[in-house]
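Heads up: the structure comes next, in structure tokens.
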Amino acid sequence: MEKRIAVLPGDGIGKEVTNGAVAVLNAIGERFNHQFHFSYGKIGGNAVDTDGTPLPDETIKLCKESDAVLLGAVGGPKWDRIEVKLRPEQGLLKIRKELELYANLRPTNYYRSLADSSPLRKEIIEGIDILMVRELTGGIYFGTPRERTQRDGEDGALDTLYYSRREIERVVRTAFELASTRNKKVTSVDKANVLESSRLWREVAEEIAKEFPEVKLEHMLVDNAAMQIIKNPKQFDVVVTENMFGDILSDEASVLTGSLGMQPSASISESGPYLYEPIHGSAPDIEGQNLANPIGAILSAAMMIRVSFGLTKEADAIEAAVNHVLDCGYRTADIAGAGTDVKKVSTTEMIEEIKAAILDTEALLKIQNCYS
Ligand code: IPM
Ligand code: MG
């Protein structure tokens, strides 16, 4: 198979972690005989510095001409004080809108060898398998008007939370489709006791549920959902929610398995290309120190080849290699915990270990048997 992948490393640790994903994809190409062609584009603060915009037109073009997009992270203190339209985050929001990436899939899985780095007890997190489906191109992130304004002679600010029926329908339908291939339960999270947009969301979710009689729909208020994710995360299968609730709840859910650095995501559209990115930020405090956890980006690459390219055994191989390396005790700083039997490694060492596990035929066969 031959595929074109646009790589947008972005800012902070983005470069270090996307390097890991590219190295692992090259190892997969070598091992399974595929050709992945990588082309690099700019996004975020570094694009502001060189091109005066967080999302240059060439980057948009590059993404649209590619089969899939791999993104690192954007943002950093250097650009915290610049005017709003130049903020690095605007580049990310714009690419999501340009590619019409309406649903962001954020899985949270259990890694048995990381159970001790979770802040929660093992009994609570053992075996969790949650898929958060976050609406990504609507809601308060994009609604207009959004402005500084005045009311009754006083300074204020305004953001708009708007959802059309169609926007809710498509993301909720995606959640149901995914749930029908999993444990057949959708938890739709809203704030229907207060927000009008949530009441519409709930109504639409009920309608879509009728198309999927085998899937159970449950509604949950967002404040309760925040509590239930900590109290009893095993109750969840697919969670679907609006943009900002999903942003907050997916960071919360990520901690269940040990670290934000472990979490991949896929953002999908009606027509493609899809975009894959770790859910963590640019972590400017550890930038360039070879400390970042590359696993979120590497697992994003696994999601890419599974979802966009249909390469199931290759994606399984990446996930098995990650599990194997973790079981062998290799840990970047964020997941090292207090354990004494762990082998603390740098970003590049972690990447090498995962690559080696993929390239070593015997090891891979053995670990695939263990994890399948
Ligand atoms: C995320 C991030 C972004 C978001 C920021 C960087 C704009 O937090 O992908 O979760 O809020 O969507
Ligand atoms: Mg976020």
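We did not get these values from a lab; they are worked out from the coordinates using the rules stated. Quick caveat: nothing in here was measured; it's all calculated off a predicted structure. FYI the Cβ positions are ideal-geometry reconstructions off the backbone, even for glycines, and counts take in every protein chain you see.
Residue separation of T160 and V194 scaled by 0.36 nm, minus their Cα-Cα distance, works out to 10.7 nm of gained length.
Pairs from the table (K42/K85; K210/K313; K210/K231; K122/K210; K3/K210) lying more than 27 angstrom apart at Cα are K210/K313; K210/K231; K122/K210; K3/K210. Rounded to whole Å, give me the distance from the Cα center of segment 66-112 to that of segment 226-256. Segment 66-112 and segment 226-256 have Cα centres separated by 19 Å. Distance between the modelled labels on D152 and F38, one decimal in nanometres: 5.7 nm (7 Å Cα→Cβ projection). The overall shape of segment 165-223 is prolate: from the C-alpha gyration tensor, with semi-axes ordered a ≥ b ≥ c, the ratio a/c is 1.5 or greater and a/b exceeds b/c.
For segment 74-105, the set of trypsin sites (Lys or Arg not before Pro) satisfying both a DSSP loop assignment and a count of at most 12 other C-beta atoms within 10 Å is given as R81. Return the Rg/Rh value of segment 37-83, two decimal places, where both radii are evaluated on C-alpha atoms and Rh is the Kirkwood radius. So for segment 37-83, dividing Rg by the Kirkwood Rh gives 1.01.
For segment 199-302, the Kirkwood hydrodynamic radius from C-alpha pairs, put into Stokes-Einstein at 20 °C and a viscosity of 1.002 mPa s, yields a diffusion coefficient of 134 µm² per second.
Counting only Cα atoms, segment 229-280 measures 38, 22, 19 Å along its principal axes, largest extent leading.
Karplus-based coupling profile of segment 22-36, in residue order and whole Hz: 5, 4, 5, 5, 5, 5, 5, x, 5, 6, 10, 6, 10, 10, 10, with θ = phi - 60° in 6.51 cos²θ - 1.76 cosθ + 1.60 and x standing for Gly or Pro. For the chain, the mean residue ellipticity at 222 nm estimated from helices alone is -13000 deg cm²/dmol, where every DSSP H run of n ≥ 4 contributes -39500 (n - 2.57) and the total is divided by all residues, rounded to the nearest 500. Sorting the segments 250-258, 285-293 by their residues' average number of neighbouring beta-carbon atoms within 10 angstrom, most packed first, yields 250-258, 285-293.
Taking only the C-alpha atoms of segment 255-296, the Rg (one decimal) and the largest Cα-Cα distance, Dmax (whole number), read 12.7, 39 Å.
Computed log10 I(q)/I(0) for the chain at 0.06, 0.07, 0.12, 0.15 Å⁻¹: -0.22, -0.30, -0.93, -1.44, from the Debye equation with unit scatterers placed on every C-alpha and solvent omitted. Gyration tensor analysis over the Cα atoms of segment 91-237 returns equivalent ellipsoid semi-axes of 30, 20, 16 Å (largest first, whole Å).
Computed extension length for D285-E207: 23.5 nm, one decimal, from 0.36 nm per residue of separation with the Cα-Cα distance subtracted. In segment 46-179, Cα pairs under 8 Å separated by at least six residues give a relative contact order of 17 percent. Note that segment 39-135 carries a Kirkwood radius of 15.8 Å, evaluated over its alpha carbons pair by pair.
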